[in-house]
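J.: Questions regarding the structure given below will be posed in turn.
FYI, it's all coordinate maths here, none of it is from the lab. Quick caveat: nothing in here was measured; it's all calculated off a predicted structure. As a convention, Cβ positions derive from the backbone with ideal geometry for all residues, glycine included, and neighbour counts pool all protein chains shown.
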Amino acid sequence: MDLKKLFSKIPTLHTDRLTLREVSSHDADGVFKVFNDDEVTHFNFRNYLSNVRDARQRIQYWKTCYAQSQRLYWGVFQDDQFIGNIGLVHFDLRGDRLEIGYNLGREYWGHGLMNEALTRILDYLFAEIGVNRVDALVLPGNESSVKVLKNLNFKKDGILRGAAKKRDEGYEDVILYGLVKKDFIHHL
């Protein structure tokens, strides 16, 4: 896995309907709109935003993580409007493996947009970065996310007990899905 290439510059990627690019402070209103929705943030890990200032801070956090080669976040844009994001986290160089996470604004659900965006990013990761495996963690009950992953040929690998910290207190289980390069290529 070529982390040097991955962390040299966030590439702008395109699909038929979407642009995947670095998020800037000019996108703060869109970031706030997506992450201020309880329906969007219900199944993710502490991403709810209360105001546009929080959105600007979140964007700065994404930029800082990237500058420190810790995480990479793409904004998902349709007609130059921020509608969601995709993040790469938890890199394992020994297995050429990473974890991916994603969010999409509620009004864009059910149109195949996240499937389209993830397909493009997975193609980039497998073909150009040398990733062998991509993992995704899903909270129980998030059937929409499971559907997206299954459509991309991810397989359920098991349950990680007590692996996710709840918003309030305590921990909960997460379901581990994984996709290896050979299964993605055969899926296309």
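J.: Would you please give the FRET efficiency between residue 8 and residue 109, computed as 1/(1 + (r/R0)^6) with r the Cβ-Cβ distance and R0 = 41 Å, to the nearest 0.05?
T.: Plugging the Cβ-Cβ distance into 1/(1 + (r/R0)^6) gives 0.80.
J.: Let me ask something else. Taking 7 Å along the Cα-to-C-beta vector as the label spot, tell me the residue 80-residue 139 distance in nanometres, rounded to one decimal.
T.: 3.5 nm
J.: Taking the number of other C-beta atoms within 10 Å as the exposure measure, put 128, 169 in order starting with the fewest.
T.: Sorted ascending by nearby Cβ count, the order is 169, 128.
J.: Also, I was wondering about something else. Kindly identify segment 1-57 as rounded, prolate or oblate by the Cα gyration tensor criterion: order the square roots of the eigenvalues as a ≥ b ≥ c, call it rounded if a/c is under 1.5, otherwise compare a/b with b/c, prolate if a/b is larger, else oblate.
T.: Because a/c hits 1.5 or more and a/b exceeds b/c, segment 1-57 counts as prolate.
J.: Of the cross-linked pairs 4/181; 33/181; 156/181; 150/181, which ones have a Cα-Cα span greater than 23 Å in the structure shown?
T.: From the list (4/181; 33/181; 156/181; 150/181), the Cα-Cα distance tops 23 Å for 33/181.
J.: I'd like the distance between the alpha-carbon centres of segment 35-109 and segment 123-165, rounded to an integer number of Å.
T.: So the separation of the two Cα centres works out to 15 Å.
J.: Counting helices only, and only those DSSP H runs with n ≥ 4, report the 222 nm mean residue ellipticity of the chain as the sum of -39,500 (n - 2.57) divided by its residues, in deg cm²/dmol to the nearest 500.
T.: Computed ellipticity for the chain at 222 nm equals -9000 deg cm²/dmol.
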